[in-house]
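Please read the structure below before turning to the comments.
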Amino acid sequence: MPASEPVLLGRKRALPSCPNPLFLKWLTELRDEAREKGLKIQYTYQKAISSLTKYPLPLQNAKEAKILQNFGDGICKILDEKLQRYYRENGPNAPIHSLPKGALPPSRPDNNNLAPPTKVYKEFVSLCKGISWKDGGGGRRKKREYVPQKRSGGYAVLLTLYRQSQIPGSKGYMFKLELQAEAQLLCDKSFTVPDLGSKYTAWSSVSTLIQKNLVIKTHNPARYSLTEEGLALAERLEAAEQGTKDSSDVDHEEVRSEGEEEKEEGGPGVFIVVFDEMPTCLCSGSRHCKQELVKELQRNGVNFDIRKLNVGDFLWVAREKVAPVPGQLRAPAGRELVLDYVIERKRMDDLCGSIIDGRFREQKFRLKRCGLRRPIYLVEECGTAAAHQSLPEATLQQAIVNTQVVDGFFVKRVQDVRESAAYLTVMTRYLTKLYQVKHTHPFFPHLTHEEERGTPSYSLISFAEFNHGAIKNKCQTVKEVFARQLMQISGLSGDKAAAILEHYSTPHSLLTAYEQCATEAEKEKLLSSIRYGKLKRNLGPALSRTVYQLYCTQGALS
C-alpha cells in the first residue's frame, strides 16, 4: 500500500473579528478628523463604524455597503474614492480584506517605535479585535438632562400637576380632560387640535414625560401624577416661573415710576377674535357650520366675540384692561382698537353665488376702503365642491387667483371649518405676539404725548368707528355713487375707477370735458391716456369708448 499522506496537525487560525479592516480603518480616520474639527458628522461616522463591525461578510466595494444601516450615498462615495486611490497605489489586485503591507500588526506596535500606541490606533485595534483599551482621557459624554421648553406641552403639564399637588387636600393625580383644561393656560399650542401640516398636539409631549420617568400613568380611566424626578424638575420650573414674574413686575414698576403711571392703570390690552353674527355659508347646514367653528375656537382656547360686522367676517380687536373702581359692582367697559387684519370667508358655493349676483366685486371694493391695511380672503375649498357649482371650476379658480394677483389680497386656502378654526387660532397667537412686541407703549396712549416723543406707533381705529364707517347703505356722496356706476362696466376695476375719479370726480365734470372736445374721435379717446394701478398702465381706447357711449349716447345702447 502506498504510504499515506502525513496528517497536518495544528491549531486553526482564528478568523478576524472584522472582515473589512481597510474600510474600518478609513472610517475611523474620517471620524477622528471630524472630531478634531468639531463637526457633528463624527457621530454619523461612528454609527457607520458600529454597523460595519457587526457585518460578518467581506465587502468587495463600497456600493455593497449600502445595504448596511447608516451607510448613505456620501459615505459610500468617499470610501469608493479611497478604494480607487488604494488600487492605483498598490495595484489592481491588492487585497482589501487585510491591512496593507507595512502597516502595524494589530497585536503590537512597530518595534522601531517605542512610543505608546496612539488613541486612533487603540480604537482601530479595539474595533477589529474586540480588545478594550483603558484610557483615562476618554469616556462617554455626559447625558444631557431633559428640560421642556417654556410654554410647551411638557412644561405646562409638569407645572399643572405640580400646582395641583401643592393644594391642601388634593387627590394627588389628575384625569386627562381636567389636566388638558388646566394646562392649556400655560401652553401656546393646543392640547386637542394639531397645527396645520402636523399631526402632533401639545398632549403628544406627555409620552415623552412618561418615557423620561417624570410622569406616571395609572388606572383606567388614566390618572396622571408626578414621579419624584418629575416633582424635583417641576419645583425648579415653578421657581423659574415665579422669578420671571417677580422680575417682570419689578421692571413694570420701574417703567411706570418714570412718569407714566397716569397713562394706563389696567395694563396692556387683551386680544379677541370678533366674527360676524350672520353665517357666511349658503348651504343648508350653515348654522351647523357656525356652531362647529365656535366649538373649535373654544377647544383651542381662543377668546372670541360674536357681533354684527358691516364688512368682513372675522377681525381682531385689542381690548383695554380696566382696573375695577372701588364702590362699583362692575368695572367700566374698556375701549377697543381694531387691528389691521380683516378676513372675508368664502366657501365655494358662496363664491359662486357672489360672482353671479355681483357681490364679489363689491365686497372686494369695500374691503379695500374699510381702513384696515391687511385684508385676507379665507377660501374653504370643501373637497370637490367646486366641480358641482353653476359656474365652471376653472372660473372659480381664476377668480381666486385674480383676487390675489390683481387685487392684492392675501388668499389662504383651507379644506373645511376645522382648518379655518386652526388658521384663526394661529393668526390670533401670531398677532398677540406681534403687537405686544412692537407696541412698547400702551394701546391707548395720548397721541400728542407720543408725537412729542417722536416714537413710531400704529394708527389704529376704534371698533365703533370702523363698524360705522363700513355701513353698506349709509348716505353716499356723488363721488362714491359715480365710482359704483363706473364699476358696473365690464372690465373696469376699482383701480381704474379710482384713476378716472382723480381727473373727473363727478359725472358733471366728465360731461363738461366731453363737451369741450371738438370731434367724436377725441371724445372717445378722452380717457384712454389715464394711468392706473401700480404699473401705471393706460386705461386704453376700448374702455374709454365704452364710458363715452354710456354717458353720451341718446337712448338705449346697441
To the nearest 10 square angstrom, what accessible area does Cys370 show with a 1.4 Å probe? 20 Å²
Going highest first, how would you order 406-415, 495-504, 184-193 by mean Cβ packing within 10 Å? 184-193, 495-504, 406-415
To the nearest 10 Å², what's Thr553's accessible area with a 1.4 Å probe? 60 Å²
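Would you mind computing the Rg to Rh ratio of the stretch 478-552 from its alpha-carbon coordinates, Kirkwood style for Rh? Numbers along the way, then the final one.
On the way: Rg = 11.3 Å, Rh = 12.3 Å.
With Rh from the inverse mean 1/r over Cα pairs, Rg/Rh is 0.93.
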Would you mind counting up the charge near Glu419? Only other residues with Cβ under 13 Å from its Cβ, with Lys and Arg at +1 and Asp and Glu at -1. -1
Between the DSSP loop rule and a limit of at most 13 other Cβ atoms within 10 Å, which trypsin sites (Lys or Arg not before Pro) in the stretch 298-327 are left? Lys308
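Work out the length of the dipole vector of the stretch 21-90 about its Cα centre, built from +1 on the beta-carbon of each Lys and Arg and -1 on the beta-carbon of each Asp and Glu, and round it to the nearest 20 debye.
Charge dipole of the stretch 21-90: 140 debye, to the nearest 20.
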Scalar couplings 3J(HN,Hα) for the stretch 540-550 by Karplus 6.51 cos²θ - 1.76 cosθ + 1.60 (θ = phi - 60°), nearest whole Hz, x for Gly and Pro, are x, x, 5, 5, 4, 5, 5, 5, 4, 5, 5
Amide H to amide H, which residues 5 or more places from Arg347 or on other chains are under 5 Å from it, using H placed in the peptide plane? Glu380
Charge tally for neighbours of Ser170 with beta carbon under 14 Å away, counting Lys, Arg as +1 and Asp, Glu as -1, is +1
Give me the net charge for the shell around Ser544: Cβ to Cβ below 14 angstrom, other residues only, Lys and Arg +1, Asp and Glu -1. +3
Show me, for the stretch 302-317, the HN-Hα J-couplings you get by feeding each phi into the Karplus relation (A = 6.51, B = -1.76, C = 1.60, θ = phi - 60°), rounded to Hz, glycine and proline as x. 9, 6, 9, 9, 10, 9, 7, 10, 7, 8, x, 10, 9, 8, 10, 10
Violating pairs (Cα-Cα greater than 31 angstrom) within the set Lys150/Lys364; Lys472/Lys525; Lys217/Lys295: Lys150/Lys364; Lys472/Lys525
Which of Trp26, Trp316 is most accessible, then next, and so on - probe 1.4 Å: Trp26, Trp316
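The values are calculated or read from the model by the stated rules, or taken from the named source; none is laboratory data. Given the structure is predicted, the values throughout are model-derived calculations rather than measurements. Virtual Cβ from ideal backbone geometry, glycine too; neighbours counted across all protein chains shown. Ligands, DNA and RNA are stripped out before the accessible areas are found, and what is left, the full protein with its side chains, is counted by its heavy atoms. Shrake-Rupley method; radii C 1.70, N 1.55, O 1.52, S 1.80 Å.
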